[in-house]
1. Give the aspartates and glutamates whose C-alpha is closer than 15 Å to that of Lys60, dropping any in the same chain fewer than 8 places away, or say none.
2. Taking Cα atoms, how many degrees apart are the long axis of helix 229-245 and the longest axis of the chain, rounded to 10 and kept between 0 and 90?
3. Going Cα to Cα from Lys148, which lysines come in below 19 Å? Please leave out same-chain ones fewer than 8 positions away.
4. Rank by packing, highest mean first: peptides 22-32, 296-306, with packing defined as the count of other Cβ atoms within 10 Å averaged across residues.
5. How far is it, in nm, from the label point at Gln331 to the one at Leu282 when both lie 7 Å from their Cα along the line to the Cβ?
6. Under a point spin-label approximation (7 Å from Cα along Cα-to-Cβ), what is the Arg205-Asp289 distance to one decimal in nm?
7. In square angstrom, what is the accessible area per residue of the chain with a 1.4 angstrom probe?
8. Which ³J(HN,Hα) values, rounded to whole Hz and listed in residue order, are derived for segment 154-171 from phi using the Karplus coefficients 6.51, -1.76 and 1.60 in 6.51 cos²θ - 1.76 cosθ + 1.60 with θ = phi - 60°, glycine and proline given as x?
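The values are calculated or read from the model by the stated rules, or taken from the named source; none is laboratory data. Owing to the predicted nature of the structure, the values given are computational and were not obtained by experimental measurement. Cβ coordinates were reconstructed from backbone atoms using ideal geometry, including for glycine residues, and neighbour counts include every protein chain displayed. All accessible areas refer to the heavy atoms of the entire protein, side chains included, with ligands and DNA or RNA removed. Shrake-Rupley method; radii C 1.70, N 1.55, O 1.52, S 1.80 Å.
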Amino acid sequence: MREGTVLVTGGAGYIGSHAVLALLDAGWQVVVVDNLVTGFDWAVDPRAKLVVANIADDDKVRAAIREHGVIAIMHFAGSVVVPESVSDPLKYYRNNTAASRSLIESAVAEGVKHFIFSSTAATYGIPEVVPVREDSPKQPINPYGMSKLMTEIMLKDVAAAHPINYAALRYFNVAGADPQGRSGQSTAGATHLIKIAAEAATGKRGHVSVFGTDFDTPDGTGVRDYIHVSDLAAAHVDALDLLIARPSENHTMNAGYGRGFSVLQVLDAVDRVTNLTIERKLEGRRAGDPDALVADNSAILAALPWRPKHDDLEGIVKDALAWERKLAERQG
Ligand SMILES: NC(=O)c1ccc[n+]([C@@H]2O[C@H](COP(=O)([O-])OP(=O)(O)OC[C@H]3O[C@@H](n4cnc5c(N)ncnc54)[C@H](O)[C@@H]3O)[C@@H](O)[C@H]2O)c1
């Protein structure tokens, strides 16, 4: 058992529930704060304590920190649908930026020492150079990316002023599910390619749309860096160890594998794994989709002992499919 408790916001959601598993497996005690707006109480491992609350509810968050002796916060809670952020920007500035501000204030007020934040490759916008490095220009092209960048900026200023250090992990495309089948992506109305393909493979939808076939990539479809959610969760546990070992340091790191697959390569992998031919509908580009978005991951590899264990596209697809089948049974 490790000393102290980690508070995981959004721990009932997709990535947060995997971080909860990784923390518990590493011997941490965990308390989850989640308002279940897109998460599920059953997604929280029963070894963790679940507090159903908004992260902006200062009284409840501060009480949870005090009651559980929280030494670190991993902050996954937020709104995550990019097109929705374009049509309803104030929702994103409220639930991502303003709610994060409240949470950080609670953390500082209660003397929490370490903070790990779910940031995103969307902070880069359309990168000029790929693989993209952390010091590349940050020019988000939607309110989602901007709402996350603003939180990164708050953390930087707060860590300079108060005894708290932080790591911001900029995730690339998160995919897959716990290889032991304990969690996966369960939210309805998914917008992630591998999740959508898994839904098509299990009969939940008829086809997969391919948005854009004229990108500047080898096969004309968009290239993305897909990282297995369990590898991402493991990176958070290592990042926490780093923050504890080096309290004067802060780290902003890309979380990706440093290689990309096109939409068609992903769909080919799904067809191979399932022995199906999933229908593809070729459609026009969506506004603001870059040709390629791939991480330069040298910073995270240098800073952490973390090494990917699931860097295998077919393996990611298999885990996503296994979870989708389990979810279909649960939903009847
Ligand atoms: N999925 C990706 O590919 C990806 C990529 C980059 C960054 N991220 C970031 O990772 C984090 C987790 O994303 P996810 O894909 O697991 O999404 P998710 O919707 O599955 O999880 C978000 C969780 O936060 C909870 N939540 C939302 N607002 C809350 C609030 N105000 N108070 C308390 N709980 C709240 C939801 O109920 C849910 O359980 C997000 O911050 C997202 O921006 C995700």
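1. Lys60 reaches Asp34, Glu105, Glu110.
2. The angle comes out near 30 degrees.
3. Qualifying lysines at Cα under 19 Å: Lys91, Lys138, Lys156.
4. 22-32, 296-306
5. Placing both labels 7 Å along Cα→Cβ, they lie 3.0 nm apart.
6. Each label point is offset 7 Å from its Cα along the Cβ direction, giving 1.2 nm.
7. In whole numbers, the chain has 43 Å² accessible per residue.
8. Using θ = phi - 60°, the values come out as 4, 4, 4, 5, 5, 5, 6, 9, 10, x, 9, 10, 9, 10, 10, 9, 8, 6 Hz.
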